[in-house]
Each structure stands twice: as structure tokens, then as C-alpha cells.
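Enquirer: Okay, handing you the structure first.
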There are 4 protein chains.
Amino acid sequence: MIEINSKSSTPIYEQIINEIKECILKGILKPGDKLPSVRELSTMITANPNTVAKAYKELERSKTIEVIRGKGTFVAENYTPSPTDDKLEELKELMKKIVIEAHYMGLDKNYLSNLLNDIYNEF
Amino acid sequence: MIEINSKSSTPIYEQIINEIKECILKGILKPGDKLPSVRELSTMITANPNTVAKAYKELERSKTIEVIRGKGTFVAENYTPSPTDDKLEELKELMKKIVIEAHYMGLDKNYLSNLLNDIYNEF
Amino acid sequence: MIEINSKSSTPIYEQIINEIKECILKGILKPGDKLPSVRELSTMITANPNTVAKAYKELERSKTIEVIRGKGTFVAENYTPSPTDDKLEELKELMKKIVIEAHYMGLDKNYLSNLLNDIYNEF
Amino acid sequence: MIEINSKSSTPIYEQIINEIKECILKGILKPGDKLPSVRELSTMITANPNTVAKAYKELERSKTIEVIRGKGTFVAENYTPSPTDDKLEELKELMKKIVIEAHYMGLDKNYLSNLLNDIYNEF
DNA sequence: GTGGTCTAGACCACA
DNA sequence: GTGGTCTAGACCACA
């Protein structure tokens, strides 16, 4: 379910975060579902436990998952924080970067519009 | 023209790359235009010459700018490499990340569509 | 294994690149083999870590080696990019230069043919 | 006759040297022929006079051309110095580099043999 | 322990 | 004056 590319330039802990968030969005993981323990997941994907722990910490901080002492880690109830200006700015910067990169590959607005649609259809 | 945010998590050399590419896209910098020398730009943005040199080197590698020995650095003629599968995959991953982040802030597809439009209008 | 000639006019980082590629060709280094870390190699050849890092970076760019985050640097699986026109032109220019230089030392075509054979036999 | 690529990574003064040597090899320039003056050549190829002067100096040092005071610069009588060990080693290194680069583009010994032949046929 | 980023500063080749 | 190479050394993210 969760696949890590150890050669990718995105850090493993970030890949874990992204994949888990994707699973939740796709409904593969639902609110209340139990996540594998840090040890379990780290052996599943042959990663360092510290790395998995870091990913879980970050997911907990963003209220995506919840740790219940002695019971384990669970997908949190749907929680959508109101977007801060910082976060919005960050999002815009990312989109800007995509537009610039796309342009430098000869891809136009239409291409990106379609890409956006495709991704939403995947979910 | 080029502004660096030293608090940002994106490395300075990458910020330089992005800003220059943006200037070219907006037409502020045109093919053949001379860029400030490594030393000039480094004092302008109070960064180390090596950092600026690194950014220029990368821009040269991607054929965005050209170095003429002993004369300086210039914006290259428009050059759009055919997009490789790797690059397209990277673009898709980036867009996916945006969609996920947006969703977790309670922003929907419409919001991102508009954001995309806005950015294109800026250029 | 890797020997640097500090008096040579070819930059140290380039010598490192050449020597590593040679080792791979000769089979001294095989795909998947771990390379010495940047720090290790830099002390081995008494060069600055930055210089070694530069060589490794370039080798990574050409997909000769791969970096696995936090684990180290490894020889990549055999990868032969289709030769671009630019690269072929460069190769031809280099060979032309050899022919001219050889001529000016009184060496003829036969000598270069034999030299070419000898080098292939070394590998 | 002499064409300079100001964007090439080989220095202009070296390009001049190579082109002149090539002309001599091809017989376009014969022993005793007068070369354009430093000023003439520098305006012809729109280069800095210092750059042309440097090329001429080097050609003079290698006895490829001769300066006769007050008369000008001339192609020297055929002169083939006995190859020094240093020079031979350099030649071998260059050829080695070609072999390695060629290998990394998937080109074999045959390709290089043919390339060598082609270049000799050009002359 | 691994590589990545950045600074400060020297020296050099080139035009 | 231009960029390229290299050293020395700090600090950081990642695993």
C-alpha cells in the first residue's frame, strides 16, 4: 500500500506522509482506522524506525492522525484547519513553480488544467 | 528585481533560479540580455558569490542562460526541451501534492483552478 | 585505487570523475557497490570534501552513481543514454584534436590505431 | 576560414590554435604562407587582440609558426619534434577519455575506429 | 555517519 | 572584470 523510493530526492519521511495522506483522501484509510505501529511500518517498508516516527510525529502535529496511549495510532476525524496566510502563500509558490517548469517544457495552461482534473478524478 | 527570503526553507540558490526563470517568463529579462555578474548579484542580495555561481551553473545546465567566457552571463535564446518522462512524472507528483495540501486546508478543485488562472494572468 | 595528480592541468574533480568511470569500466567497481563517502575519499586523496562532492554530484547527474539519502553513494545499474548530437560532436572534436596533436609529433594513423587497441585491451 | 564559437567551452585562443593547425594539416596554409596580423585576425573574428596574440605566442612556442620582425607571421617549415614522454602520456590519457565517454554512450570500438578513419580522410 | 547548503576567501584562466 | 576551481570550516536534514 505504501511504497517508498529510496533513491528519490524527496525524503523518505515525506514520502510516508504523502502516501498516508493520499490513502486517506482516496478512502483506503478511513477516520478511526488503525495505522501500523512505527515498528511494523518500518519493517514493512524496510526503513529506519526513526524515519517512520518522524513521519508520524508530523502527521500528528497536523492533526491528520491521533496517537492513543497504549492503543496505537489512528486516522483522525476529518479536520480541516482554516488555511493560514503562510500556507496559502506556500501553495501559490508551489503552483507558480509548476507553471514555470511546465512552460520550460513547452506545456501550456491547458495541459496543467487537464493534469489537475486527472488528479481529482483519481481520488 | 530578485528578492531572497532568507527564512524560507527553499535554498537560496534555488530561489535565485526560480526568480530568474520568472523574470524571463514575464519578459523582464529577454533573450540576449546580460545578467548581473556573479559578484554583482551576490552583493545585491547579500549572499555569497559561490551561492550565486551555483544558481547560474544550474541555469546554464538547463540552457536557460549562457556564459560567454570573460564577458558575462546572458539569457539564452528560447529553448524548450522535449519533456522527458521523468520530468512529467515529477510535475505530476508536484501537482498531486498541491491537491492533497489544498484538500487538507478545505480548498476544493475550483480554488486550485482559479489559482492556476490567476498565475497565468500574472505572466 | 584512485590517484590524483595535483600537478595536472585537469581539475581534481574531473580526475576523480575519470578515475571512477575507469574503475567501473574495468569492473573494479560493479553496479550496487558502495563508493567511499565524500569525507573518506577526500581524506584518502587529501583533497577538500567539497571537491569530492562536486565530482560525485556530476557523476550522479550523468546517472553513473546514485545517492541514497543518509546511506551513501553507490554505483548505478548500467545505464547508457542514447548519444545526443552534441555529445557526438564533442567526441569528434576530441578525436580530431588527438589526430592533429599526433601529427605534430610525427605519429601516424597506425600509431593511433594501435593506441586505441591497447586501451581496449586494458579494459 | 577560421570560425570561432564564443559560447563553446574551449577557450577562444585554443580554438584559434586548433583551427590554424587544422588549416596547415589540410594544406590550406602552407609553410612560408603569411598569416594575418594579430590585429587583422582579431577584427576578422571579432575577438580581443590579446586573445589572438596569446594563440600566436603558443603557436610560436610550438614552432608551428614563425615571427619575422617587421615582416609578419609565417607558417613554419615542417617541424616534427620527437614526442616527449609527457606528450605521449597526455595523448594516451585523451584517448582513454574518449574510449570511456564513448562506452558510456553505448558506442563500441568499431565506432571509434571508423571515426578515426573518417578524420584522416578529411585531411 | 551520510550528503547538502552556505560562507569566506584565495588564486587562476580568459577576454 | 568575468566566471571556474579549490580550500577550510560551519551547520543542517536525513536515516
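Enquirer: Evaluate peptide D:104-114: per residue, the Cβ atoms of other protein chains within 10 Å of its Cβ; return the mean as an integer.
Expert: Working: counts 12, 8, 6, 5, 1, 5, 0, 3, 6, 5, 0.
Other-chain Cβ atoms within 10 Å of each residue's Cβ, averaged: 5.
Enquirer: Turning to a different aspect of this structure: In segment B:31-123, which GluC sites (Glu not before Pro) fall in coil by DSSP and have 15 or fewer other Cβ atoms within 10 Å?
Expert: Hits after loop and neighbour filter: B:77.
Enquirer: With 26 Å as the limit, write out which pairs from A:97/C:57; B:71/D:34; A:7/B:87 have Cα-Cα distances beyond it, or answer none.
Expert: Those over the limit are B:71/D:34.
Enquirer: At residue C:117, label 7 Å along Cα→Cβ: distances to the other copies, nm, ascending?
Expert: 1.5, 6.5, 7.3
Enquirer: Residue A:46 label points, 7 Å along Cα→Cβ, one per copy: pairwise distances from this copy to the rest in nm, shortest first?
Expert: 4.1, 4.9, 5.8
Enquirer: Could I have the simple spin-label model distance between residue B:28 and residue A:105, label points 7 Å from Cα toward Cβ, reported in nm to one decimal?
Expert: Roughly 2.5 nm, to one decimal.
Enquirer: Which residue fluctuates the most in chain B, going by a Gaussian network model with Cα springs under 10 Å, if the choices are B:16, B:68, B:45?
Expert: B:68
Enquirer: Oh, and also: Name the chain D residue nearest the rotation axis between D and A, going by Cβ position, and give the distance in whole Å.
Expert: D:105, 12
Enquirer: Of the options C:80, C:29, C:94, report the single residue whose Cα projects farthest towards the positive end of the charge dipole of chain C (beta-carbon charges: Lys, Arg +1; Asp, Glu -1).
Expert: Value: C:29.
Enquirer: Another one. Shielding by partners for B:85-97, please: the mean number of other protein chain Cβ atoms within 10 Å of each residue's Cβ.
Expert: 5
Enquirer: Evaluate the charge dipole of segment C:12-75 about its Cα centre and quote only its size in Debye, nearest 20, assuming +1 on the Cβ of each Lys and Arg and -1 on the Cβ of each Asp and Glu.
Expert: In debye, rounded to 20, segment C:12-75 gives about 220.
Enquirer: Counting other C-beta atoms within 10 Å, and keeping those with at most 11, which DSSP coil trypsin sites (Lys or Arg not before Pro) do you find in segment D:65-107?
Expert: Numbers: sites: D:69, D:71, D:87, D:92, D:96, D:97; in loops: D:69, D:71.
Answer in residue order: D:69, D:71.
Enquirer: Which value results for Rg/Rh of chain B when Rg is the Cα radius of gyration and Rh the Kirkwood radius based on the inverse mean 1/r?
Expert: Details: Rg = 16.7 Å, Rh = 16.4 Å.
Looking at chain B, the ratio lands at 1.02.
Enquirer: If I take every Cα pair under 8 Å that is 6 or more residues apart in segment D:27-74, average their sequence separation and divide by the length, what percent do I get for the relative contact order? Could the numbers behind the result be given before it?
Expert: On the way: 32 pairs, mean separation 20.2, N = 48.
Relative contact order comes out at 42 percent.
Enquirer: Considering every residue in A:77-83, what mean count of other chain Cβ atoms within 10 Å of its Cβ is obtained?
Expert: 3
Enquirer: Counting other Cβ atoms within 10 Å, which GluC sites (Glu not before Pro) in segment C:1-36 have at most 10 and lie in a DSSP loop?
Expert: Working: sites: C:3, C:14, C:19, C:22; in loops: C:3.
Filter output for segment C:1-36: C:3.
All of the numbers you see were taken from the coordinates with simple rules; none came from a lab. Computed from a prediction, not measured in an experiment: that's the story for all the values here. Heads up, the Cβs are rebuilt from the backbone with ideal geometry, glycines too, and the neighbour counts pull from every protein chain shown.
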